[in-house]
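The values are calculated or read from the model by the stated rules, or taken from the named source; none is laboratory data. Keep in mind that this is a model prediction, so the values were computed, not measured. Note that we place each Cβ from the backbone using ideal geometry, even for glycine, and neighbour counts take in every protein chain shown.
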Amino acid sequence: MAKQTYYEQHNEELYLKFNDLLDKLPYFCGEYFTGVDMRTSVLTKLNYATDFAVFFDFLVHKIRGFVGKDVTDITLQDLNEYVDASVIEYFLRYLSFYSFNGKPYRNGEKAKARKLSAVRSLFKYFYNKDKLKENVASKVSMPKLHEKTIVRLNSDEVDDMLELAEAENKFNTSFRDKYNLNARERDIAILTLMLGTGIRVSECVGINVDDVDMKNMAFKVTRKGGNMSVLYFSEEVRDALDVYMDWRKKRLMQAGLYTDVEALFISLQNKRITVRAVENIVKKYTGLANPLKSVSPHKLRSTYGTALYRETKDIYMVAEVLGHRDVNTTKKHYAALDEDIKREASSKVVLRKK
C-alpha cells in the first residue's frame, strides 16, 4: 500500500474535523453537504460547517422560536417559520462581536461576507429543493468590502531580512541568538525558497526530499485542489538548499532518523515542520527587517509575484508560476503597480517629434 502524501494526510485530518462538526449541526446540513460534495473541497466544507455552527448558535441564543432548543433539533420548518431577512441582518450585526463556545470573536467585513455567503448557499440549496418557501438570505446585501493595500517587501527589505537570518547576533538576548542559530540553515532555506518561487506556505510544508531535483533545479508541489506541478528555482535558491540539506542530513543521522523522515523541511524535533512554525519564522525575520509591516508567508508570495511581473510584464507567466486558475486573481493581487504603470505610460506618448 502506497504511503499517503502530506496533502492526503492533511485532507484526512480536515475530514475528521468536518465529520465531528457535522454531528453537532441540524440533520439537514448533512443533506446539504451531500448535495454540494462534488464541487467543494474539504476545506470549503469545513469552513462552511464552522460558519453554520456560528449561525445556528446565534439562532438558539437570540431568536424567538429557537431559544432553548438544541442546535441539532432545529428543523427546516423552524427556518421557514422564524427566519426572515431581518434575522439575517441581525446576524450580520451580531458578528461584529460575539461569543462562541465560551470564546470572544470579532468579525470584520470580509469575515461577515464569508459567513453570509455560507448562509446564502444553505438557504438557496433548500429553496431550490422546494424545502424552504422563500430564500430570505438572498434579500440581504453582502457587506461592502474595501480594498486593502497589498503589503509586499521591497528589494532592500528582502536583503535586510536574509542578512538578518544569516547573522549570528540579531536578538536582544544571547539565549534567543543561540536558539535561532540551531535552525539558521533551515530558516534561510525556507525564506529563500518562498521568496524565490512564490509558493504557498502549505506547499512549502508539504515538500518531500524526493520531490526536489537539485541537478535540474526543480521541485514538485501539490497545488490547491491536489494538482501536482513542477516548478524551477534559481542558483541562489539552490545554494541555500544545498547548505540546508547538509544540515538536515547531519541532524537526522545523529538522531538515527535519516531514512525515516520524508519531509524536506523539519522542525527541531525532527518532524515535518508545521504551517504555524513557518508563519512564525516569516514573522520573526520580517519583523526585524521592518517592524512597521505585518508580513505573513502570503506576503512573500506577493513580493515574488510583484517582482516577477516587474521583470517580465507578462501577467500570464506570473499566473502560471503562482498556480492561479484565473488570471484576474493575478491582476488584482500581483499587478497592482499603479505608480510603475503610470510612470512608464508617461513616456509613451511623444508630443513633438524632433
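Of all residues in the stretch 110-153, those being surrounded by 13 or more Cβ atoms within 10 Å (Cβ to Cβ) and under 30 Å from Asn290 (Cα atoms) number 5.
Can Arg176 be described as assigned by TED's automatic domain parsing to the domain that holds Tyr285, buried (at least 21 other Cβ atoms within 10 Å of the Cβ) and not in a strand (DSSP E or B)?
Working: assigned by TED's automatic domain parsing to the domain that holds Tyr285: yes; buried (at least 21 other Cβ atoms within 10 Å of the Cβ): no; not in a strand (DSSP E or B): yes.
Here the answer is no, as Arg176 does not meet what is asked.
The condition of being over 16 Å from Ala183 (Cα atoms), in a helix (DSSP H, G or I) and under 22 Å from the mean Cα position of the chain (by Cα) holds for Lys299. The residues on offer are Leu76, Leu92, Leu25, and the sole one that is within 29 Å of Gln9 (Cα to Cα), assigned by TED's automatic domain parsing to the domain that holds Leu122 and touching a helix residue (DSSP H, G or I) at 6+ places or on another chain (Cβ under 6 Å) is Leu25. Among the residues of the stretch 246-257, those identified as of a type outside the set (D, E, K, R) and either exposed (fewer than 14 other Cβ atoms within 10 Å of the Cβ) or in contact (Cβ under 8 Å) with a residue 40 or more places away in the chain (or both) are Trp247, Met253, Gln254, Ala255, Gly256, Leu257.
Quick one: which residue in Asn280, Asn270 is in a loop (DSSP other than H, G, I, E, B), at pLDDT 85 or above and over 15 Å from Leu195 (Cα atoms)?
Only one candidate passes the filter, namely Asn270.
Among the residues in the stretch 232-240, are any loosely packed, with under 12 Cβ neighbours inside 10 Å and polar (S, T, N, Q)? No; the residues of the stretch 232-240 include none that is loosely packed, with under 12 Cβ neighbours inside 10 Å and polar (S, T, N, Q). Does any residue of the stretch 314-325 turn out to be assigned to a loop (DSSP other than H, G, I, E, B), closer than 22 Å to Gly206 by Cβ and of a type in the set (Asp, Glu)? Among the residues of the stretch 314-325, not one is assigned to a loop (DSSP other than H, G, I, E, B), closer than 22 Å to Gly206 by Cβ and of a type in the set (Asp, Glu), which makes the answer no. Applying a threshold of 6 Å to beta carbon distances and a minimum spacing of six or more residues, or different chains, the list of pairs starting in the stretch 268-290 at a residue that is without any contact (Cβ under 8 Å) to a residue 40 or more places away in the chain and ending at one that is exposed (fewer than 15 other Cβ atoms within 10 Å of the Cβ) reads Asn270/Ala255; Asn270/Leu257.
Listed here are the residues, each with its yes/no results for (1) in contact with an Asp or Glu (Cβ under 8 Å, 6 or more places away or on another chain); (2) touching a residue at least 40 places away in the same chain (Cβ under 8 Å); (3) under 17 Å from Val136 (Cα atoms).
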{"site": "Asp20", "(1), (2), (3)": "no, no, no"}
{"site": "Val36", "(1), (2), (3)": "no, yes, no"}
{"site": "Thr44", "(1), (2), (3)": "no, no, no"}
{"site": "Ala49", "(1), (2), (3)": "no, no, no"}
{"site": "Gly68", "(1), (2), (3)": "no, no, no"}
{"site": "Leu92", "(1), (2), (3)": "no, yes, yes"}
{"site": "Phe97", "(1), (2), (3)": "no, no, no"}
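Applying the set (1) under 16 Å from Glu279 (Cβ atoms); (2) not in a loop (DSSP other than H, G, I, E, B) to Leu164 leaves exactly one unmet item: (1). Of the residues in the stretch 197-218, not one is at pLDDT below 90, over 30 Å from Ala113 (Cβ atoms) and either outside the structural domain of Lys45 (by TED's automatic domain parsing) or part of a helix (DSSP H, G or I) (or both). None of Leu16, Leu46, Leu59 is assigned to a helix (DSSP H, G or I) and either in contact with a helix residue (DSSP H, G or I) (Cβ under 7 Å, 6 or more places away or on another chain) or on the phi > 0 side of the Ramachandran plot (or both) except Leu46.
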